[in-house]
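*Asks:* My questions will all concern the structure given below.
The values are calculated or read from the model by the stated rules, or taken from the named source; none is laboratory data. Bear in mind that the values here come from a model prediction, so they are computed numbers and not experimental data. So basically every Cβ, Gly included, is an ideal-geometry build from the backbone, and we count neighbours across all protein chains shown. Just so you know, the surface numbers come from the protein's heavy atoms only, side chains and all, with ligands and any DNA or RNA stripped out. Shrake-Rupley method; radii C 1.70, N 1.55, O 1.52, S 1.80 Å.
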Amino acid sequence: QKEPFKKRWFILDSQNRKLFYFKGQLDAEELGVIFIGTESNGYSVKECVPKHTRGNKWKCGVMVQTPERQFVFMCEQEREQKEWLDVLRQVLSRPMAPQDYTVEANIKYKR
């Protein structure tokens with residue numbers, strides 16, 4: 001992590017396995033979207049405390065690993081970290097349906 005963390009807002013669409021992130025709380029268009037697959041397909045989520053990060057005031061990290069990339073998010077409070085870990089793990093543990101593979105492919109294609 002060479003850049004300082006920037007405040008972002010997140011929305012999880014657990015039904016469609018998408019984690020959206022926004023620059024501002026009221027933004028209509030997302031900055032990006034992360035597909036949340038299953039562990040057997042190379043996805044994982046875990047608690048983390050990144051080292052050597054500039055501007056890191058918070059210590060409650062969440063790392064989302066996809067086959068292509070690793071995302072690190074920081075939460076203001078442990079309670080928020082636990083809530084995010086719990087809901088993301090619920091999505092990870094649910095088997096992917098055929099339409100989920102199409103969603104995953106469309107998200108990869110957009111990058």
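*Asks:* Would you pick out the residues in the range 80-107 that are over 19 Å from ARG69 (Cα atoms), in contact with a strand residue (DSSP E or B) (Cβ under 9 Å, 6 or more places away or on another chain) and open to solvent by 20 Å² or more (accessible area, probe 1.4 Å)?
*Replies:* Those that are over 19 Å from ARG69 (Cα atoms), in contact with a strand residue (DSSP E or B) (Cβ under 9 Å, 6 or more places away or on another chain) and open to solvent by 20 Å² or more (accessible area, probe 1.4 Å): GLU80, LYS82, GLU83, VAL87.
*Asks:* Being in contact with a Phe, Trp or Tyr (Cβ under 8 Å, 6 or more places away or on another chain), among the hydroxyl-bearing types (Ser, Thr, Tyr) and modelled with pLDDT of 95 or more is the filter here; which residues of the range 44-69 pass it?
*Replies:* THR66 - this is the single residue of the range 44-69 that is in contact with a Phe, Trp or Tyr (Cβ under 8 Å, 6 or more places away or on another chain), among the hydroxyl-bearing types (Ser, Thr, Tyr) and modelled with pLDDT of 95 or more.
*Asks:* Sticking with this one: So which residues in the range 57-79 are of a type in the set (S, T, N, Q) and either closer than 16 Å to LEU19 by Cα or surrounded by 15 or more Cβ atoms within 10 Å (Cβ to Cβ) (or both), if there are any at all? If you could, list the steps in order and put the result at the bottom.
*Replies:* Applying the first criterion (of a type in the set (S, T, N, Q)) to the range 57-79 yields 65-66, 70, 77.
Matches in the range 57-79: GLN65, THR66, GLN70.
*Asks:* Looking at TYR109 and the list (1) modelled with pLDDT of 95 or more; (2) part of a helix (DSSP H, G or I), which single condition is not satisfied?
*Replies:* (1) is the only condition that TYR109 fails.
*Asks:* Which of (1) modelled with pLDDT under 95; (2) more than 11 Å from the chain's Cα centre (by Cα); (3) not charged (D, E, K, R) is the odd one out, the single condition THR38 does not satisfy?
*Replies:* Result: THR38 passes all but (1).
*Asks:* Can I ask one more? Given VAL45, VAL87, VAL64, VAL72, which one is within 20 Å of ASN106 (Cα to Cα) and within 14 Å of the chain's Cα centre (by Cα)?
*Replies:* On the way: VAL45 fails: within 20 Å of ASN106 (Cα to Cα); VAL87 fails: within 20 Å of ASN106 (Cα to Cα); VAL72 fails: within 20 Å of ASN106 (Cα to Cα).
Just a single option satisfies the conditions, and that option is VAL64.
*Asks:* Continuing with this model, one more query. Looking at the range 25-40, which of its residues are in contact with a Phe, Trp or Tyr (Cβ under 7 Å, 6 or more places away or on another chain) and of a type in the set (Gly, Ala, Ser)? So that I can check it myself, show each step before the final result.
*Replies:* Initially, the range 25-40 is screened for residues in contact with a Phe, Trp or Tyr (Cβ under 7 Å, 6 or more places away or on another chain), giving 25, 30-34, 36-37.
Within the range 25-40, GLY32, GLY37 qualify.
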